[in-house]
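Scroll down for the structure; my scribbles are underneath it.
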Amino acid sequence: MARIEDVQRDKLAARQQALYDEIMRTRPRGKLSGPFSVWIHRPDIAEPANALANCFRVSPTLDKRLIELIVLLVCRDATTQYAWSAHFNLAREAGLSSETIEAIRARRRPEFGRDDERVVYDLVTELLASKKVSAATYGRAEAALGRDRIIEAVTCAGFYGMIGLVLNTFEIPPQPGGDILT
């Protein structure tokens, strides 16, 4: 059970209602959920977080398949149930194979058929494990992705790491009917 009550739009202040509407404009859910159900209480956090989320959701320069790979890696690392349940199907729709998703769930290195997935996996898993990236890993990532996409990949990992901390602290449960991590 979540440590924070469900958000009811009509009980929010005017600024929060406008923000609620803006957040919901790009999300297909019927109600505000996930980290925004926490952040809505602090609009000064929710507004820039929504803008950053939309960099990855609406207008990424990385392929959405790679964004979803990053999200699943970070979710698995922190066992973030809500985000995993929200991104499991998005990852499949974006083109990640079921084998890759299941390997991530099992904390195994996937057998990648695509070089860009292998490079992003190595970059993000090294970053999560050591909080830095070796020269060799950076060099491979730079050759495959370029500097700007490395910035995007690392920022996405950090952003979803922050999301995981919020979701886990406030015990936000998985989406109803969503895939569950064990």
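The values are calculated or read from the model by the stated rules, or taken from the named source; none is laboratory data. What you are looking at is a predicted structure, and each value in this text was computed from that prediction instead of being measured. Please note: Cβ atoms are built from the backbone with ideal geometry, for glycine as well, and neighbour counts cover all protein chains shown. These accessible areas exclude ligands, DNA and RNA; they are computed on the full protein's heavy atoms, side chains included. Shrake-Rupley method; radii C 1.70, N 1.55, O 1.52, S 1.80 Å.
What distance in nm separates the two pseudo spin-label positions at R109 and A2, each 7 Å out from Cα along the beta-carbon direction?
Output for this residue pair reads 3.9 nm.
Using alpha carbon centroids, what distance separates segment 26-49 and segment 167-182, in Å?
Their Cα centres are 16 Å away from one another.
Mind checking which lysines have their C-alpha under 23 Å from K132, skipping anything on the same chain fewer than 8 residues away?
none
Provide the gained length on full extension for the span R25 to C55, in nm with one decimal, where the gain is 0.36 nm per separating residue minus the Cα-Cα distance.
Gain in length upon complete extension: 9.3 nm.
With the contact rule set at Cα under 8 Å and sequence spacing of 6 or more, what percent relative contact order holds for the chain?
Result for the chain is 32 percent.
Between T155 and T182, what is the spin-label point distance in nm, taking each point 7 Å from the Cα along the Cα→C-beta axis?
With each label point 7 Å from Cα toward Cβ, the separation is 3.8 nm.
Carbon and sulfur: what percent of the chain's accessible surface (1.4 Å probe)?
54 percent
Can you compute log10 of I(q)/I(0) for the chain with the Debye formula, treating each Cα as one identical point scatterer, at q = 0.11, 0.17, 0.20 Å⁻¹?
Here log10 of I(q) over I(0) equals -0.48, -1.09, -1.42.
Starting from 0.36 nm per residue, how many nanometres of slack lie between E102 and Q17 once their C-alpha separation is accounted for?
Taking 0.36 nm per residue and subtracting the Cα distance, the gain is 26.8 nm.
Enter the accessible area per residue of the chain (Å², integer; probe 1.4 Å; all protein chains in place).
52 Å²
Taking only Cα atoms, what is the 0 to 90° angle, nearest 10, from helix 147-169's long axis to the longest principal axis of the chain?
Once rounded, the angle reads 50 degrees.
If the cut-off is a Cα-Cα distance under 20 Å, which lysines reach K11, setting aside same-chain residues fewer than 8 apart in sequence?
Straight-distance partners of K11: K31.
Using only DSSP helix segments of four residues or longer, with each worth -39500 (n - 2.57), what per-residue ellipticity at 222 nm results for the chain after dividing by its residue count and rounding to 500?
Estimated from H runs of four or more residues: -20500 deg cm²/dmol.
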